[in-house]
Every structure is written in structure tokens, then in C-alpha cells.
Amino acid sequence: MAEKSWSLTRALRGMFVKPTIDETTWEDLETALLTADFGPDISERVVEELREKVERYRTTDPQDLQRMLRETLEEHFAKFDTTLKLTERPAVVLVVGVNGVGKTTTIGKFTKFLRGFQRSVVVGAADTFRAAAVDQLATWAQRGGAAIVRPQQEGQDPASVAYQTIEFAQREGIEIAIIDTAGRLHTKGGLMDELSKIRRVIEKQAPISEVLLVLDATTGQNGVMQAEAFLEHAGVTGLVLTKLDGSAKGGFVLAVQERTGIPVKLLGQGEGIDDLTGFTPHVFVKSLVG
């Protein structure tokens, strides 16, 4: 992970080479956390926890503070289980999110990620109302090495495409079935009704292993608000954060988990097909704090 991507790393660099911890250290630390999009509540809490630790261990060494900051952030991240649950066969993954967050490209990258672990994958194009979306998804799925189940006609019932996808996976012995869903209908109610129907149809065939909500990290808290309907109604089990590379907002990863109570399971950090990774908190924290 390129260090230049993270504003926090840059902001903290000068802080830990100072001769001693003083009042400006705390002010600089809180500013750095806010700049990196941790949000006011978490930033304040982290600074308070660190003040207590520094006092308890009676240290004035900024190097100790750096280590404590790493440990404190890891403790916050450790509250969430970031493991993808994909043991069922087929493991069914519903992918949800508003249009424009990078859902289609994320599915392509996710297939490539899974193929890297020698898993067979089929993608179901259940966003059936936009022919261009189906074509784009097919291109990305094929680049990722997955089979694709397309609607037989434009506007086909999305639940029937989901059904055909699971049927295909069961018939062909494919290990993981990923179902793309619509990102926008005219009403929130309509969108959620459609998702509920897809779930019901799938669950008659196989349990749903994961419901992954894709969020664009550059939109920050606004993106979370836009996705509120999915968070309330879609049974989301994990978050996928895209466009983290350009945002320099690493703190959003923790802020979004604390706000939603849902773990981040995958991170997208670039445009390429290989730029989606699993989320490993201690590696991520090291990239943030140094």
C-alpha cells in the first residue's frame, strides 16, 4: 500500500520525531485524526485513551505514543470480524449499493480476488433494467475469470435472474455465486421490495452467505447516508470500501464500522482488476500510523 495515499501517515511523521510529548502533540494528533476522516467522536475518544495510557506508563517519549496509537487503533478495529463467510456451497453473495459507487467494477475485482484462491465463480446480472449495466458487468466478470448469467430479455424479473444463477452454480458445481442488484429504482420502497423478493427466491435454493454493501470512500459520511435504506432493509453483513487510494481518508474505515456496526470486509485501492484486497486491520493500521 503506497504510503503517499494516507494523509495520517504524513501528518504524524513530524510528531513522533519530536524530543518529547507536550500539549501541541495532542492538538496535532487530534487534527491529524480529524483530517483523515476518523470523525470528531472517534478522534476525541482515541486522544483521551492515549492521554490515559501515557499518564499510566509515565512516558514522555513520542515513540511510545506512536506504538500506543497503533495498539489503540487496532483495539478499535478488533471489535469487528472482518472474515468473509464463504463456506457454503454454493456460497451466495448479494452485492448492493447505490449507483456510482463502483459496484460493477468491484464485482469484477472480487471475482479475480476469489479466483486467486482457486475458487470457481459465477456472476448473476440481476440489475436487469439497464442493458449497458449488464454488458459492463459481463466484461468485468469475464476479466475476473467468472461465468456470467445474463437476463434473457431486458427488464426480466431480477429475482428470476438470481434464481437462474443459483441453479447454474448448483448444476455446474460452482463454488461461489455473486448476484449484482439494482442501485436505484424510482422509490426506496420499490428497491427494497425487489431486494426482499430476490432474497426470498434465493433462500428457497440456498442460504445467503454474505450481503456486501459497496461504499465509495471519497464520499465519506454522505455515502453512508445515501446507503441508509440498504443498511436498514438489506440485511447487510459486510462493507466494501472503494476508491480508498484517492481519498487519503483512512479513518473513514473505522468511522463507518463504528457508525453502522458492520465490518469492512474488502478494500478497493485502485482502478486495476487486482486492486481489491481483504481487510487485515493490523496491516492497515501500520500503513496509517507507520
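The values are calculated or read from the model by the stated rules, or taken from the named source; none is laboratory data. Keep in mind it's a predicted model, so treat the numbers as computed, not measured. Here the Cβ positions follow ideal geometry from the backbone for every residue, glycine too, while neighbour counts run over all protein chains shown. Note: areas computed on protein heavy atoms with side chains; ligands, DNA, RNA excluded. Shrake-Rupley method; radii C 1.70, N 1.55, O 1.52, S 1.80 Å.
What the table below lists for this structure:
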{"item": "Fraction of accessible area attributable to carbon and sulfur, the chain (%, probe 1.4 Å)", "result": "49 percent"}
{"item": "Option label - volume of the Cα convex hull per residue in Å³ computed here, alternatives [x] 251; [y] 118; [z] 210", "result": "[y]"}
{"item": "Cα gyration tensor shape of segment 62-159, rounded if a/c is under 1.5, else prolate or oblate by comparing a/b with b/c", "result": "prolate"}
{"item": "Amide proton proximity set for ILE148, modelled H, under 5 Å, gap of 5+", "result": "VAL123"}
{"item": "Where segment 23-139 is the region considered: accessible area per residue in Å², 1.4 Å probe", "result": "46 Å²"}
{"item": "Angle in degrees between helix 40-57 and the longest Cα principal axis of the chain, rounded to the nearest 10", "result": "40 degrees"}
{"item": "At most 16 other Cβ within 10 Å, DSSP loop - chymotrypsin sites (Phe, Trp or Tyr not before Pro), segment 111-187", "result": "PHE117, PHE129"}
{"item": "Table column - 3J(HN,Hα) (Hz), segment 159-168, Karplus curve with 6.51, -1.76, 1.60, x for Gly and Pro", "result": "5, 6, 5, 4, 4, 5, 5, 5, 4, 4"}
{"item": "Förster radius 51 Å - calculated FRET efficiency between TYR57 and ARG89 (Cβ-Cβ, nearest 0.05)", "result": "0.55"}
{"item": "Amide H contacts under 5 Å for GLY238, placed H, 5+ residues apart", "result": "VAL211, LEU213"}
{"item": "Between segment 138-184 and segment 190-260, the Cα center-to-center distance that results, in Å", "result": "19 Å"}
{"item": "Trypsin sites (Lys or Arg not before Pro) within segment 38-130, DSSP loop, no more than 10 other Cβ atoms inside 10 Å", "result": "ARG58"}
{"item": "Length added when fully stretched, ARG45-GLU23, from 0.36 nm per residue minus Cα-Cα", "result": "6.3 nm"}
{"item": "Whole-Hz couplings from phi, Karplus 6.51/-1.76/1.60, listed for segment 59-73; x for Gly and Pro", "result": "10, 10, 8, x, 5, 5, 4, 4, 4, 5, 5, 4, 4, 5, 5"}
{"item": "Only Lys, Arg (+1) and Asp, Glu (-1) charged, at Cβ; segment 31-177 dipole about Cα centre in debye", "result": "560 debye"}
{"item": "Surface per residue (accessible, 1.4 Å probe) for segment 181-290, Å²", "result": "39 Å²"}
{"item": "Alpha carbon centroid spacing (whole Å) that separates segment 262-277 from segment 68-114", "result": "8 Å"}
{"item": "Computed FRET value (nearest 0.05) for ARG143 with THR31, which takes r as the C-beta separation and R₀ as 35 Å", "result": "0.25"}
{"item": "Principal-axis tilt of helix 23-35 within the chain, Cα atoms, nearest 10 degrees", "result": "10 degrees"}
{"item": "Segment 80-124 - Debye-derived log10 I(q)/I(0), Cα point model, q = 0.26 Å⁻¹", "result": "-1.15"}
{"item": "Sequence-distant residues sharing a close amide H with ILE179 (under 5 Å, placed H)", "result": "VAL93, LEU94, VAL95, GLY124"}
{"item": "Estimated FRET transfer efficiency (GLU167, ARG115; beta-carbon r; R0 22 Å; 0.05)", "result": "0.55"}
{"item": "Kirkwood hydrodynamic radius over Cα pairs of segment 143-202, then Stokes diffusion coefficient at 37 °C and 0.692 mPa s, in µm²/s", "result": "262 µm²/s"}
{"item": "Cα-based helix-to-principal-axis angle, 251-260 vs the chain, degrees rounded to 10", "result": "60 degrees"}
{"item": "Intensity falloff of segment 1-134 expressed as log10 I(q)/I(0), Debye formula with alpha-carbon point scatterers, at q = 0.19, 0.21 Å⁻¹", "result": "-1.07, -1.23"}
